[in-house]
Amino acid sequence: MPTTLGPLTDFPIDKPTPVTIDGDKYLVIRPSENPDEVCIVSDRCPHAGLSLSRGPRGGYEDGVITCPWHNSRFDVCSGENLDWTPGVAGVKAPKWSRRLIAMGKSPAPLTVLAASVKDGQVVVDR
Ligand code: FES
């Protein structure tokens, strides 16, 4: 059943906005490359389940969100993992240490929700 999150204009461009949908935390991203659309991703990193929006360092830029904990990077519209545990808290680590930082977890995509904008409203299609 579709869920309406509110007017598109409530979501600032290039600023991931936290929302809760059915008790789970997500981020709504309205990319400057296409401000008439939104991408919605889980606010839980698939590496260790930590928040993507709260932590020591991280952030969003050019369609990519960086986990603030171990620096994994994800495409916010496809969820594709672009880099897996390359460091800690924004500091790049030597390549040999990535497997240690990964703590045995293999690269995984970020959960993405199907979303659209209908009559100026952001709608989650599920
Ligand atoms: S919790 Fe996100 S990279 Fe480790």
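The values are calculated or read from the model by the stated rules, or taken from the named source; none is laboratory data. Bear in mind that the values here come from a model prediction, so they are computed numbers and not experimental data. Methodologically, a virtual Cβ is constructed for each residue, glycine included, from the backbone with ideal geometry; neighbour enumeration extends over all protein chains shown.
So the values come out like this:
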| item | result |
| --- | --- |
| Subset of the range 75-116 (residues that are part of a helix (DSSP H, G or I) and either of a type in the set (Lys, Arg) or surrounded by 12 or more Cβ atoms within 10 Å (Cβ to Cβ) (or both)) | 95, 97, 98, 99, 101, 102 |
| Lone qualifier among 46, 18, 56 - being within 13 Å of the chain's Cα centre (by Cα), under 28 Å from residue 85 (Cβ atoms) and in a loop (DSSP other than H, G, I, E, B) | 46 |
| Residue check for residue 123: part of a strand (DSSP E or B) and away from the ligand (no atom under 16 Å from the Cβ) | yes |
| Test: residue 33 is in contact (Cβ under 8 Å) with a residue 40 or more places away in the chain and either over 19 Å from residue 79 (Cα atoms) or in a loop (DSSP other than H, G, I, E, B) (or both) | no |
| Long-range neighbours under 8 Å by Cβ, at least six apart or interchain, first residue within 12 Å of residue 29 (Cβ to Cβ) and modelled with pLDDT under 95 within the range 59-82, second within 15 Å of the ligand (Cβ to nearest atom) and polar (S, T, N, Q) | 59/66 |
